[in-house]
1. Just one of (1) buried (at least 17 other Cβ atoms within 10 Å of the Cβ); (2) farther than 25 Å from residue 128 by Cβ; (3) at pLDDT 95 or above trips up residue 227, so point out which.
2. Suppose we filter the stretch 85-102 for residues that are touching a His at 6+ places or on another chain (Cβ under 6 Å) and modelled with pLDDT under 95; how many remain?
3. Condition check: within 10 Å of the ligand (Cβ to nearest atom) and at pLDDT 95 or above. Does residue 133 satisfy that?
4. Consider only pairs whose beta carbons are under 9 Å apart and that are at least six residues apart or on different chains; among these, list those whose first residue lies in the stretch 201-219 and is at pLDDT 95 or above and aromatic (Phe, Trp, Tyr) and whose second residue is surrounded by 14 or more Cβ atoms within 10 Å (Cβ to Cβ) and not in a helix (DSSP H, G or I).
5. Of the residues that sit in the stretch 201-213 and are within 10 Å of the ligand (Cβ to nearest atom) and part of a helix (DSSP H, G or I), which one is nearest to residue 16 (Cα to Cα)?
6. For residue 43, only one of the following conditions fails: (1) assigned to a strand (DSSP E or B); (2) farther than 21 Å from residue 139 by Cβ. What is its number?
7. Got at least one residue in the stretch 133-146 being surrounded by fewer than 17 Cβ atoms within 10 Å (Cβ to Cβ) and either in contact (Cβ under 8 Å) with a residue 12 or more places away in the chain or within 12 Å of the chain's Cα centre (by Cα) (or both)?
8. Could you say whether any residue in the stretch 2-22 is out of contact with any Asp or Glu (no Cβ under 7 Å at 6 or more places or on another chain), more than 21 Å from residue 137 (Cα to Cα) and modelled with pLDDT under 95?
Amino acid sequence: MADDRKWALITGATGGLGSAFGLALARRGYNLVLTARNTDLLEAMAAELRSHGGEVVVEVADLAGPDACLRLKQALDARGLFIEALVANAGYGVQGRFVSRSRDAELGMIDVNVRALTDLSHVFGSAMAEHGGGHILLVASTAAYQPVPGYAVYAASKAYVLAFGHALHRELARRKVAVTVTCPGPTETPFWERAGHRLNPMASAVLMTPEAVVEASLKALYAGRPSVVPGAANKLITLSTHLFPRSLLAWGASYFMSNAK
Ligand SMILES: NC(=O)c1ccc[n+]([C@@H]2O[C@H](COP(=O)([O-])OP(=O)(O)OC[C@H]3O[C@@H](n4cnc5c(N)ncnc54)[C@H](OP(=O)(O)O)[C@@H]3O)[C@@H](O)[C@H]2O)c1
């Protein structure tokens, strides 16, 4: 019955992974709150997801704003919605040399990928802990495992998400809030076009579909795992980062993440 459904909040719900999370959670019987900046895309997504039988609410928000997450929580409180599952998925990367790019562009990535994700985890995580439980999925990247020249801030922002999520996993376990960090490798979404990046054959060889990434991520979340790297090739790549010094990893990553000729 629709009334018994739990609510899930998905940030970055207009994107490749966000849309796939929406579909997967609707199929699992959740009502959904979708958020991002693009109203038309959010409304189109909501209309499609309502056909799965649950309620879908749209909240437009620019998460780069300092109080955006708190305002989002207040808007959902005003609607009387308790968020049982948070998918902190909104994020972006832009390719380029750090000093050649604008300060605003570089700091904007920290605002969305780090600050907003932390704030969302705080405002919704506290409510879950008080309410007796919940689920938080934080979207990082395989870029979290090594420095990536050309994506210096992006990779560092995802390393933050991985470390932060592992700590929260332990802290919140006793409050019955499951926290999992997912670290996808290259995935077929608009991310790359937005980043101004044409994947080279090496990176294309491990490209995954958003649906496969989402399935592995949700499986890990509901199994109570602290983190997951979707895909066997990505697992091998991230495992191998434990064998080499950071200087060598940075050299390798600059080849892996170079543009296609
Ligand atoms: N695709 C990959 O290969 C890959 C690999 C590893 C990790 N990831 C991570 O996966 C997550 C989802 O990315 P994606 O691949 O699905 O790319 P995407 O299609 O570009 O989706 C990014 C989403 O983030 C939202 N967003 C960006 N800036 C925002 C802001 N200031 N406020 C609110 N929402 C904002 C976008 O919506 P609006 O533009 O409408 O606001 C969009 O819905 C990101 O965290 C990304 O870092 C992706």
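1. Condition (2) is where residue 227 drops out.
2. To start, the set of residues in the stretch 85-102 that are touching a His at 6+ places or on another chain (Cβ under 6 Å) comprises 85, 95.
Within this subset, residues satisfying the condition of being modelled with pLDDT under 95 are 95.
The qualifying residues number 1.
3. Details: within 10 Å of the ligand (Cβ to nearest atom): no; at pLDDT 95 or above: yes.
Judged against the criteria, residue 133 is not a match.
4. none
5. Residue satisfying both the conditions and the ranking: 210.
6. (1)
7. Looking only at the stretch 133-146, we keep the residues that are surrounded by fewer than 17 Cβ atoms within 10 Å (Cβ to Cβ), and these are 133.
Narrowing further to those that are either in contact (Cβ under 8 Å) with a residue 12 or more places away in the chain or within 12 Å of the chain's Cα centre (by Cα) (or both): 133.
Scanning the stretch 133-146 turns up at least one residue that is surrounded by fewer than 17 Cβ atoms within 10 Å (Cβ to Cβ) and either in contact (Cβ under 8 Å) with a residue 12 or more places away in the chain or within 12 Å of the chain's Cα centre (by Cα) (or both).
8. yes
The values are calculated or read from the model by the stated rules, or taken from the named source; none is laboratory data. Values in this document were obtained by computation on a predicted structure and should not be read as measured data. Because the Cβ atoms are built from the backbone with ideal geometry, glycine has one as well, and the counts that use them run over all protein chains shown.
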